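Undergrad: My questions will all concern the structure given below.
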C-alpha cells in the first residue's frame, strides 16, 4: 500500500512503535488505535480532489461547491480526532490557538478575507448558525475586531452543511471563490496537524 498523503511523521512513528527502546511519547503509544484512525482520515482528506456527480451535473457549479464542502467536512473531522488525541478540546478556542498560531494563522485569515472582502459567505453562515459560540465567533470574523482560529471557519461550514442548509445556490460567494477558501482552510489545518505530530515524534537516530 502506498504511503502517500499520510502524515509525514507516520512512518517514523510506526517504526519507533516496533522498537522496545523507542522514545515515542507514552501518551501517543497508548493511543495507537485512535492515531491509526486519525492517520487514515488525514490521508483521505489530503487525497480528496473532487466529487464526480456524473453527466447530470455537466456544466453546473454544483460539483465544485459540494466538493469544497466535502473537503472541509473530511479535514475538520480529522482535526477533531487529532485534538482529542493530544488532549485538546476543539471547542476550546484558547486551547487550540497556539496549535494554529504556530503556522501564522492570521496571515491565512487575511487571505480568506481578501477573497471575500464583502463577507458574503461569512454573513450567510452567521444567518444559519444555531450555536451561540459559533455565531459570536462569526460576528468577530465579520467585524474584524478580534482574532479567530481558522478551525472556527471549518467548524461553521461543517455545522451548516450538516443541517442541510449550505446548498449550491444559497451563498453570495461564487462556487469558484468558495472552492479557493475551502482549499486554503483545508491545507492550513492539514499542515497544522502534520507539523504538530512531526514535532512530537523523536527523530530516528539510526
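The values are calculated or read from the model by the stated rules, or taken from the named source; none is laboratory data. Small disclaimer: the values here were computed from a predicted structure and weren't measured. Every residue, glycine among them, receives a Cβ derived from its backbone with ideal geometry; neighbour counts consider all protein chains shown.
Undergrad: Assess whether residue 83 counts as being modelled with pLDDT of 90 or more and under 30 Å from residue 139 (Cα atoms).
TA: It is true that residue 83 is modelled with pLDDT of 90 or more and under 30 Å from residue 139 (Cα atoms).
Undergrad: I've got another one for you. Does segment 25-64 hold any residues that are surrounded by 11 or more Cβ atoms within 10 Å (Cβ to Cβ) and more than 25 Å from the chain's Cα centre (by Cα), and which are they?
TA: 57, 60
Undergrad: Considering segment 3-24 alone, what residues qualify as being surrounded by fewer than 16 Cβ atoms within 10 Å (Cβ to Cβ) and in a helix (DSSP H, G or I)?
TA: If the condition is that a residue be surrounded by fewer than 16 Cβ atoms within 10 Å (Cβ to Cβ) and in a helix (DSSP H, G or I), then 11, 15, 17 are the ones that fit.
Undergrad: Residue 30: farther than 13 Å from residue 200 by Cα and in contact with a helix residue (DSSP H, G or I) (Cβ under 8 Å, 6 or more places away or on another chain), yes or no?
TA: Taking the combined requirement at face value, the residue does not satisfy it.
Undergrad: Which one of these is part of a helix (DSSP H, G or I), without any contact (Cβ under 8 Å) to a residue 12 or more places away in the chain and over 23 Å from residue 201 (Cβ atoms): 36, 56, 68?
TA: 56
Undergrad: Would you confirm whether any residue within segment 96-115 is surrounded by 19 or more Cβ atoms within 10 Å (Cβ to Cβ), in contact with a helix residue (DSSP H, G or I) (Cβ under 7 Å, 6 or more places away or on another chain), free of Cβ contacts under 8 Å to residues at least 24 places away in the same chain and under 16 Å from residue 190 (Cα atoms)?
TA: Within segment 96-115, none of the residues are surrounded by 19 or more Cβ atoms within 10 Å (Cβ to Cβ), in contact with a helix residue (DSSP H, G or I) (Cβ under 7 Å, 6 or more places away or on another chain), free of Cβ contacts under 8 Å to residues at least 24 places away in the same chain and under 16 Å from residue 190 (Cα atoms).
Undergrad: I've got another one for you. Name every residue in segment 127-137 that is part of a helix (DSSP H, G or I), within 15 Å of residue 161 (Cβ to Cβ) and under 19 Å from the mean Cα position of the chain (by Cα), in order of residue number.
TA: 134
Undergrad: Go through segment 138-150 and give me each residue that's under 21 Å from residue 99 (Cβ atoms), assigned to a helix (DSSP H, G or I) and modelled with pLDDT under 95.
TA: 138, 140, 141
Undergrad: Only one of 179, 194 is at pLDDT 85 or above and farther than 15 Å from residue 120 by Cβ. Can you tell me which?
TA: 194
Undergrad: Further question: Do you know which residues across segment 71-94 are assigned to a helix (DSSP H, G or I) and surrounded by fewer than 14 Cβ atoms within 10 Å (Cβ to Cβ)?
TA: Listed by number, the list holds a single entry, 94.
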